[in-house]
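Visitor: Please read through the structure below; I'll follow up with questions.
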Amino acid sequence: MIEQKDNDLVAIETVPKDDTDGAMQLSDIFYTSKKKDHVFKVKLNSRGFILQRETVNGSKEQLINISDIVGGRCGLQKSKRSSKCSCSSLSSTQPITSSTEVNLSAEGDVSAFLYVFAYILKKNIRSTLRRARTVLTLRFRSFDTFEENIREADRWYKALKFHKKQSIQNTVLLSENGRLLFLLNPKSGSGKAREHFNRYVVPILNEAEIPYDLYITKNSKYAVDFVRMRNISQWCGIVAVGGDGLLHEIINGLLQRSDWNSLFQHISIGVIPCGSGNGLARSIANRYKEPYEPKPILSAALTVISGKTSPMDIVQIELKNKIMYSFLSVGWGLISDIDIESERLRSLGYQRFTIWTLHRLVRLRTYRGKVAYQMKYNKNDELCSMEEQKAKQNNTSFNAFLNNTDSKNFQPFECNGDNEFDDVISLETTGNQSFRSRCGSWLSAGSRKSTYYSISESIYRSVASDSDYEQNKMNPISGSEQYYGPTISGPHLNDPIPDNWEVEEGEFIMVHAVYQSHLSSDCYFSPYSKLNDGTIYLVIIRNGISRSQLLNFLMNMSSGTHLPVKNNEFIHVVAVTAFRLEPSGGIITVDGELVELGSLQGQIIPGLSKIMVPK
């Protein structure tokens, strides 16, 4: 007789496995102690976990997709005292063969447990989607001893690892050096990057058993020097924990190396949005229809562990005395003024932009200058209108994705509490995770030290220290910055403007060159931009536009409806591959960072880098 305990699924009978996937496809019969008569057949195969229950109306099935599962743990039952904490982590001396956790259990209980961690798309009462942390608990008690039961649980765990590995094959996380590097800016945004990383990102890395190292930036150029001089080949990916400015430093540091080309072949770049703007993180989520709000850090952390990458365009920026590289935008005029001048209100977080926008509208500025550009299309080519672009974007919806299952019997998870399988799948929020890492195990988020830290919760622990800086450095550069990067065809900044370029001259409110869909988390500035379409969208607003028109433009940027379907007298949008800007005053920003005022030229380099994206 099997004793009913907690709200777990308990194995009561072993079912012969299907030989389609060999030993890696498993099946067993479980019951739930919450509802005595509920018996389930649970299958594990390449698609994930399938929960099947026979009812008077036929068979009902639920799929926990393998792509939504981040990892698992097997071990003893959670004790009541530790029910709100994660199970003990592996020590550095334990062999990493399977994820075995040891906790206090009821005396005499020989049960073994498998905990499966997944982040599943769920609808809330407003029919919007979000990622919800789900824990599937499987209890094994078919054998008389704990050793035999834990062996069975471990067999399921290894099968899960096998199918998970197959689902992410040929990704960066399966490379020989599948270890991630995190660079964290403790002053980005509202200054809570360390706290957010420890609270939201570390638990997911631990659940996924992703090895990683974390470095804290010490100054505004720390990330540039770090990636420029370190032995980067020991990592498969670099993740910026901060804002777009930190990512800008990482990309430019990589392109100051003579071995940039080989690095870009195997190093992928990711971002955990902890800054004020977070334009790239929002653009990635938008492009892949991944829920971003209300927990953008959760979405980004899941993106980082997905192992999937996409090519991303980079724009080479030529200034008077230097070369730099950009992934987001180049701005001159109104938006750049707001971005830079609102820095004095940084403590207010993103609200600083709203306040300063109103201020700049009241005291509107105009600047005289010249804008030249090489159009991507010939004049006779017809560009897609905004309406056509939006129609294309709406063709793939979240609802269509949820309904795209292999069997009509599979049902999407709902948050209404009436799901047939709610009694066997425990739903938890990331803010109060039962299995999250112990906060005390990592250096306090309030620490003022800014040296390198090896995270004790990382599965593969590092013993590196700051003394390794001299041993691992590469490409030491003295004096002025030196850039390598690809050779660009076309004119240089000091060359005459080519005859086939268009030229506009006069008084401008702003000129903004963009190559991502979002400039910030709620600024849907370029709805038609993609990560690797080889296109710069140049948005030009001329003097003469009324304040009411300009206010309407700014207010509609959050929805992407601010740009005209057809160019008008004051607002002009054009797709280009290169542009030149010759301003007479004002502020110029590159990826939101202030640069020296003067002539500037940008040219697109299609698909130069690899960016981490959702599955």
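Values quoted throughout were computed directly from the atomic coordinates according to the rules given, and no laboratory measurement underlies them. Remember, it's a predicted structure, so these values are computed and weren't measured experimentally. Neighbour counts run over all protein chains shown; Cβ positions are idealised from the backbone, glycine included.
Visitor: Loop only by DSSP, 12 or fewer other Cβ within 10 Å of the Cβ. Give me the GluC sites (Glu not before Pro) in segment 161-261 that pass, ordered by residue number.
Guide: Details: sites: 176, 195, 207, 209, 249; in loops: 176, 209.
Of the GluC sites (Glu not before Pro), the ones in loops of segment 161-261 whose Cβ has at most 12 other Cβ atoms within 10 Å are 176.
Visitor: What does the net charge come to around residue 611 if you take all other residues with beta carbon closer than 12 Å to its beta carbon, with K and R at +1 and D and E at -1?
Guide: Working: positive: 287, 308, 530, 610; negative: 313.
Local net charge: +3.
Visitor: At a Förster distance of 30 Å, what's the computed FRET efficiency of residue 365 paired with residue 494, Cβ-Cβ distance as r, to 0.05?
Guide: Values: r = 28 Å, r/R0 = 0.94.
It comes out at approximately 0.60.
Visitor: Here is a follow-up. For segment 152-171 and segment 310-369, what is the separation of their C-alpha centers, rounded to whole Å?
Guide: 46
Visitor: Here's a follow-up. Which of 526, 46 comes first, and how do the rest follow, when ranked by fewest Cβ neighbours within 10 Å?
Guide: On the way: 526 26, 46 15.
Ascending number of Cβ neighbours within 10 Å: 46, 526.
Visitor: Oh, and also: Mind scanning 192/218; 43/295; 158/610; 123/165; 221/320 and naming the pairs with a C-alpha gap bigger than 23 Å? All intermediate terms of the calculation are to be shown ahead of the outcome.
Guide: On the way: 192/218 15 Å; 43/295 31 Å; 158/610 30 Å; 123/165 28 Å; 221/320 21 Å.
Exceeds cut-off: 43/295; 158/610; 123/165.
Visitor: How about segment 491-568: which trypsin sites (Lys or Arg not before Pro) there lie in a loop by DSSP and see at most 10 other Cβ atoms within 10 Å?
Guide: Values: sites: 530, 542, 547, 566; in loops: 530, 566.
Here the trypsin sites (Lys or Arg not before Pro) that fit, given the DSSP loop and packing criteria, are 566.
Visitor: Taking the beta-carbon count within 10 Å as an exposure proxy, list 340, 267 from fewest neighbours to most. Mind dumping the intermediate values first?
Guide: Numbers: 340 17, 267 24.
Listing 340, 267 from fewest to most nearby Cβ atoms yields 340, 267.
Visitor: Quote to one decimal, in nm, the extra length available between residue 53 and residue 266 on full extension: 0.36 nm per residue of separation minus the C-alpha distance between them. List each step's numbers first, then the result.
Guide: On the way: separation 213, 0.36 × 213 = 76.68 nm, distance 4.50 nm.
This chain segment gains 72.2 nm when fully extended.
Visitor: If you rank 271, 590, 573 by fewest surrounding Cβ atoms within 10 Å, what's the result? Display every interim value, and only then the final one.
Guide: On the way: 271 28, 590 24, 573 21.
By the 10 Å Cβ count, ascending, the order reads 573, 590, 271.
Visitor: Restrict the search to segment 507-587; then list the chymotrypsin sites (Phe, Trp or Tyr not before Pro) that DSSP places in a loop and that have at most 13 other Cβ atoms within 10 Å of their Cβ. Walk me through the numbers on the way to the answer.
Guide: Details: sites: 508, 515, 524, 525, 528, 537, 553, 570, 579; in loops: 515, 524, 525, 528, 570.
Qualifying residues, ordered by number: none.
Visitor: Taking amide hydrogens as modeled 1.01 Å from N in the peptide plane, which residues meet the under 5 Å criterion relative to residue 290, leaving out close sequence neighbours?
Guide: Answer set, sorted by chain and number: none.
Visitor: May I ask you to derive the FRET efficiency for residue 151 and residue 543 from their Cβ-Cβ distance with R0 = 60 Å, giving the value to the nearest 0.05? All intermediate terms of the calculation are to be shown ahead of the outcome.
Guide: On the way: r = 76 Å, r/R0 = 1.27.
Efficiency, from the Cβ-Cβ distance: 0.20.
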